[in-house]
Amino acid sequence: MSKTRQSTLLNDYHLLSYDQLDSTNAESRRLAGGGASHGAVFWAKRQSAGRGRMGREWVSSEGNLYVTVLISPTVALEKCPQLSFVAALAVAETLEGIVPEPEKVACKWPNDVLVGGKKIAGVLLEAFTTKEMGLEKQWIAVGVGINVDNFPEHVMFPATCLRAEGVELISAKIVLSRFIHHFIALYDLWAAKGFAPIEKAWLKRAHQLGKAVEVIVGDAQVHGVFEGIDASGCMLLRDKKKNISTINAGDVFYKEPA
């Protein structure tokens, strides 16, 4: 494995940069509580084993942004899935300041960010524990991938990148700096005010809110109208009988064009 590590300080966040990793989430797990602490930011130019949600491969060629923020949560662990929305909102705010048409930026439940209806970024949360002096400590790895220079073509959901959206003279390093700026502000807001302001801002950008969706949950297909999210980030789905159900996880496809 090829590594080149440099350390700088972004506000209270410690940046570790690498030429290549298997994955930034995996490196954060290896260094948690040892060489890295709460707020450490892991950035790799390439990943050899990048992962998305449900263990899917995340194509990680050079030119795109691959970053993980290591969090030692001070809130109840059951609230930590909300960090997925914190990170997605930070990505959305970052992209709104970069793309020519910021109104085309949207958040797709549960963990993606779109531009013009195409996936440009994803978030992956992973929780784990370490032992320090015989005591267990909880950690959350907040992994983010943003397509800057290129994107995979043969994927389940159409994809895009900043370059394809007409953004020139941009680099993963610049996008990283802007993302961390937004993430820090939103994380502090979440820590101080809870999920309500994050939920409100995310819903303003929610892709196809109030419209018909199909959700693939395991081998089942669930249909309904996307009514929003609850306090844990679950999708609220209204069926034909106006009953509301909650969906913890699944792949969402929209039955109406964006």
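The values are calculated or read from the model by the stated rules, or taken from the named source; none is laboratory data. As the structure is a computational prediction, the values presented were derived from the model and not from experiment. Neighbour counts are summed over all protein chains in view; Cβ atoms, including those assigned to glycine, are modelled from backbone coordinates with ideal geometry. When the accessible area is computed, the model is the full protein with side chains, heavy atoms only, and any ligands, DNA or RNA have been set aside. Shrake-Rupley method; radii C 1.70, N 1.55, O 1.52, S 1.80 Å.
Restricting to the range 215-258, give me the number of residues that are in a loop (DSSP other than H, G, I, E, B) and touching a Cys at 6+ places or on another chain (Cβ under 9 Å).
Just the residues of the range 215-258 that are in a loop (DSSP other than H, G, I, E, B), to begin with: 218-219, 230-234, 239-243, 248-250, 255-258.
Narrowing the set further to residues that are touching a Cys at 6+ places or on another chain (Cβ under 9 Å) leaves 248-249.
Total meeting the criteria: 2.
Would you call Val99 modelled with pLDDT of 95 or more, part of a strand (DSSP E or B) and not acidic (Asp, Glu)?
It is false that Val99 is modelled with pLDDT of 95 or more, part of a strand (DSSP E or B) and not acidic (Asp, Glu).
For the list (1) of a type in the set (Ser, Thr, Tyr); (2) in contact (Cβ under 8 Å) with a residue 24 or more places away in the chain; (3) farther than 30 Å from Arg46 by Cβ, I need the number of the one condition that Tyr187 fails.
(3)
Give the range 135-153 a look and list any residue that's within 30 Å of Gly166 (Cα to Cα), hydrophobic (A, V, I, L, M, F, W, C) and open to solvent by 50 Å² or more (accessible area, probe 1.4 Å), or say none. First the steps, then the outcome.
At the first step, the residues of the range 135-153 found to be within 30 Å of Gly166 (Cα to Cα) are 142-153.
Those left that are additionally hydrophobic (A, V, I, L, M, F, W, C): 142, 144, 146, 148, 151.
Matches in the range 135-153: Phe151 only.
Restricting to the range 193-226, count the residues that are more than 17 Å from Lys108 (Cβ to Cβ) and either in contact with a helix residue (DSSP H, G or I) (Cβ under 9 Å, 6 or more places away or on another chain) or acidic (Asp, Glu) (or both).
So the answer is 4.
Does the range 154-166 hold any residues that are more than 19 Å from Asp251 (Cα to Cα) and open to solvent by 10 Å² or more (accessible area, probe 1.4 Å), and which are they? Explain how you work it out, then say what you get.
Pass one, the range 154-166, residues more than 19 Å from Asp251 (Cα to Cα): 161-166.
Within the range 154-166, Arg163, Ala164, Glu165, Gly166 qualify.
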